[in-house]
Each structure stands twice: as structure tokens, then as C-alpha cells.
Amino acid sequence: MNLRHLLYFKTIVERKSIAAASQELHIAQPPLSQHLKTLEADYGLQLFERQGRGLLVTDAGQHLYRRACELLNLADEIDADMRGLAQGVSGRVSVGTVTSGAAFLARVLGEVRQQLPNLLFCVYHAEPAVLEHMLQSRQLDFALSQWPVANPLLHSEPLQALTLAAVEAVPGHLPDVDVCSLDELAQVPLIIVRRRQGHGFYERIQQAFTDSGLRPLVAFECSDISA
């Protein structure tokens, strides 16, 4: 059995006669009849019964017709997918992002979807170390992370600068100004985001305090920004 035989069989069922099917398929009736006999011989089943000038599909033929439709539709989907992949206009793209990159990623993917609506994006949210591992193991096509990138095997490009902000739940501990100095931050207990693994913002902030001769009061460390 091959897909061509299934296509011939499916067309005969839908056109209800070999003559009509041969016109649609642009194949002479004798070879089309032979394909049908070959298919019946392969399974040892009668797929049609004669009914006047037409053909009546048997129960076995009905079952084969349903499965043939499924397989031929799948073959068409595979063909369209592969042609789309060759042209770069369809397929699945796996993307990773840290929390701070989610808004930027949403904007970019929204623009890409307008141009390439057949692309399916699978988005994963994780810490930088996890994203780097997923990239190296080919689980992701690319990721939005934070510098520094610890894995030397990965290539990275800067996209945009991030602005660090000091946020307090109850006003009064920090001055009501647009810019807060390290001296002022050193006077209040801090909650700082810290990676579970590797070097990141936490270490860079600590280094900035050290370079200024200051020692921050770190009350909490947390690996998740929303938490």
C-alpha cells in the first residue's frame, strides 16, 4: 500500500464510480481498476460491491476510507509544514525569557506573528541558568536573559539596557526624588533578586556598594521577581 493507492481509492469512493474517478484523476480506467484490485488483493477484502453502473462501498471499504482520509490529510499537513519550514514561514519556535524580558518578548513576538501567522511560539519562563541549560541542550531556539551569560558556548547580543529601580511598600524610607543614591540605599533593609546559580544582578549590586565603600543591609534574597 502507498499513498497513491489510497488517493485513488478515496477518489473512487467519493465519485462513486471508476469512470468518474478516472476523469478527476486524469488516469485511464483500466490502470485505475487494476490499482483497486491490487488494494483488495493486499488485504484479502472486498472494498466495493457493484450497484448498477455505480459502486457500493462495503463495511471494510468504509473503514479504509475513514483511515485513508486521516492519513492523506496528515500527509498534506506534513507537506505544507515542510514547505513552510523551507521558506521560514511556519513551524514551532521555542523561546525562553526571564521575568524582566517578558514585556519586550511579547511586543516582538506580536509583531512577528502579524508577518508570519503560521508560526507557533512556545514560551518558557525561567531563571538565566535554566535558560542557558535549555539552550545548550537544544530545548530552546533562543532566549531573553540577563547579562552576564555564564556559559561560554552561548553567543549573546545586547538588546536593551535595563534600569534598576528601588521600590518600597511604605513611603518614607527613601527620599521622594527620581534618583536614589547608593548611600541612601545603604540605610534601609533591602530585598534583592538573586540567581539560584551563577553571577548576576545581585553580585553586581554588591560590587557597586563595595566600590563605593558601603555595605548594604540585605534582609532578603529571592530568585523570583514577582515573589
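The values are calculated or read from the model by the stated rules, or taken from the named source; none is laboratory data. From a predicted model like this one, the values you see are computed outputs, not experimental measurements. Reconstructed Cβ throughout: ideal geometry from the backbone, glycine too, with neighbour counts over all protein chains shown.
The set of residues in the stretch 105-153 that are touching a residue at least 12 places away in the same chain (Cβ under 8 Å) and aromatic (Phe, Trp, Tyr) comprises 121, 124, 142. Could you say whether any residue in the stretch 142-152 is at pLDDT below 85 and farther than 23 Å from residue 99 by Cβ? Within the stretch 142-152 (the criterion being at pLDDT below 85 and farther than 23 Å from residue 99 by Cβ), the answer is yes, since at least one residue qualifies.
Per-residue answers, yes or no, for (1) closer than 18 Å to residue 199 by Cα; (2) of a type in the set (Val, Ile, Thr):
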position: 119; (1), (2): no, no
position: 123; (1), (2): no, yes
position: 128; (1), (2): yes, no
position: 133; (1), (2): yes, no
position: 144; (1), (2): yes, no
position: 148; (1), (2): yes, no
position: 175; (1), (2): no, no
position: 179; (1), (2): no, yes
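When you look at residue 52, is it farther than 30 Å from residue 119 by Cα, surrounded by fewer than 11 Cβ atoms within 10 Å (Cβ to Cβ) and at pLDDT below 85, yes or no? When the stated conditions are applied, residue 52 passes them.
Restricting attention to the stretch 72-82, the residues that are touching a residue at least 12 places away in the same chain (Cβ under 8 Å) and either among the polar types (S, T, N, Q) or surrounded by 14 or more Cβ atoms within 10 Å (Cβ to Cβ) (or both) add up to 1.
Among strands (runs of 3 or more DSSP E) entirely within the stretch 1-112, having at least 2 residues that are in contact with a Leu (Cβ under 8 Å, 6 or more places away or on another chain) and in the same structural domain as residue 131 (by TED's automatic domain parsing) singles out 90-97.
Conditions (1) in contact with a Lys or Arg (Cβ under 7 Å, 6 or more places away or on another chain); (2) over 29 Å from residue 132 (Cα atoms); (3) in a loop (DSSP other than H, G, I, E, B); (4) not assigned by TED's automatic domain parsing to the domain that holds residue 133, marked per residue:
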residue	(1), (2), (3), (4)
149	no, no, yes, yes
174	no, yes, yes, yes
199	no, no, yes, yes
203	no, no, no, yes
208	no, no, no, yes
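Out of the residues in the stretch 160-183 that are of a type in the set (Asp, Glu) and under 30 Å from residue 107 (Cβ atoms), state the one that is surrounded by the fewest Cβ atoms within 10 Å (Cβ to Cβ). If we take residues in the stretch 160-183 being of a type in the set (Asp, Glu) and under 30 Å from residue 107 (Cβ atoms), then 178 is surrounded by the fewest Cβ atoms within 10 Å (Cβ to Cβ).
Scanning the stretch 153-165 for residues that are among the small types (Gly, Ala, Ser) and modelled with pLDDT under 85 yields 161, 165. Looking only at residues in the stretch 117-140 that are surrounded by fewer than 16 Cβ atoms within 10 Å (Cβ to Cβ) and in a loop (DSSP other than H, G, I, E, B), the one that is farthest from the chain's Cα centre (by Cα) is 137.
Check 102, 186 and return the single one that is surrounded by 13 or more Cβ atoms within 10 Å (Cβ to Cβ), within 24 Å of residue 219 (Cα to Cα), among the small types (Gly, Ala, Ser) and without any contact (Cβ under 8 Å) to a residue 60 or more places away in the chain. None of the other options fit; the residue is 186.
All of (1) surrounded by 10 or more Cβ atoms within 10 Å (Cβ to Cβ); (2) in a loop (DSSP other than H, G, I, E, B); (3) small (Gly, Ala, Ser) hold for residue 143 with one exception: (2).
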